[in-house]
Amino acid sequence: MPGDAVVPGDHELRDPSGSPWSSEVAAEEAIPGLAMPPADSLLRPAGPEGGDVATSGGALRQIVRVFRENKLAVVGLAVIILMVLFCFVGPLLYHTNQLNGQEAFQFSTQNSPPGHGHLLGTDPTGFDILGRLMFGGRNSLIVGFVAAAAATLFGVVYGAVSGFIGGWVDALMMRIVDILLSIPQLFLLIVLAVIFHPSLSLLIWVIAFVAWLVPGRLIRGETLTLRVREYVQAVRVMGGSRRRIVLRHIIPNTVGTIVVNATFQVADAILLLAALGFLGLGLPAPQTDWGGMLTDGVNYALDGYWWLIYPAGFCIVIVVVAFNFVGDALRDSLEVRLQQR
């Protein structure tokens, strides 16, 4: 019809007089209100729409990024790494006698101040304090890591089973936890340490026995919310066993809570061991830990022998604070609602 735009075979728009239009101008004038987008915009990938969040990298990269933004956590992680190297690699470079008390008493000066030959001095039995810090720190870290791992593993399985089964089984299992939580941890540790002869392996299990209660309650609470999710119900409908649901679907989805709590468990285990050592219920001589070193130095606190107290106390404080900083950062990194995207 006259006045209508026609499109010849070469796809060139022309006005009724026969003169060609440009593609953009032609579209706007031929169909009022229609504007063609620029050609380069058609090649650009579409951005997030409808409130979607654009993220870069995988989940692990995102966790690392959020963790690195917490400067205190980075410092705490560096302190933990340095302390592990100090306690486990240090004795290979700084050779001292830490097992033969009679030899140390005979051939070393007791309570000597820091100086040449003994960078941090010696204790009342003649042991080198710096070597003693490495030796005792290794025991403290071993107890902390192993006890925390054992307590977390048992607590996770216990809490997941209790929360998933529910009913009277859940009520009975949680009443056991409540009874044990009503007893002060330190009192229970003292009783167990007095009944059994203290050793490194025994102290690990004693501390783990009182430490699994908190992760058990936490994972039980997480399980109560996860067991009603659609994917868990789908596995049930498909005939999946309870064991498979708990091990393959419930526990993996609580990994954030597990990791964060395990970090705090290490710090708590080190503090509990230090408390037992300070009360004289820690590792028997010549074995020692940082708490036992504090006990040896208390009797000489008023005599000005600062090197018997401050080094061990400093190690306990910085390690526990470092683990707390790392735990806080891991909680922020693994919690989706707190991630900066």
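Bear in mind that the values in this text are calculations on the coordinates, not laboratory data. Not measured: the values here are computed from a predicted model. Cβ coordinates were reconstructed from backbone atoms using ideal geometry, including for glycine residues, and neighbour counts include every protein chain displayed.
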Cα pair count fraction exceeding 33 Å, expressed as % - the stretch 59-338: 34 percent
Placed amide H near E335: partners under 5 Å, 5+ positions off or other chain: none
For peptides 191-201, 118-128, 221-231, 266-276, sequence by mean Cβ density within 10 Å, most packed first: 266-276, 118-128, 221-231, 191-201
Likely footprinting exposure, I309, I251, fewest C-beta neighbours within 10 Å first: I309, I251
Potential extension, I81-R61 segment - 0.36 nm per residue separation minus Cα distance: 5.1 nm
Cα-centre dipole for the stretch 59-338 with unit charges at Cβ (Lys and Arg positive, Asp and Glu negative), debye to 20: 1480 debye
Pair-distance profile P(r), taking every C-alpha pair of the stretch 159-287, with 10 angstrom steps and integer %: 11, 34, 28, 18, 8, 1
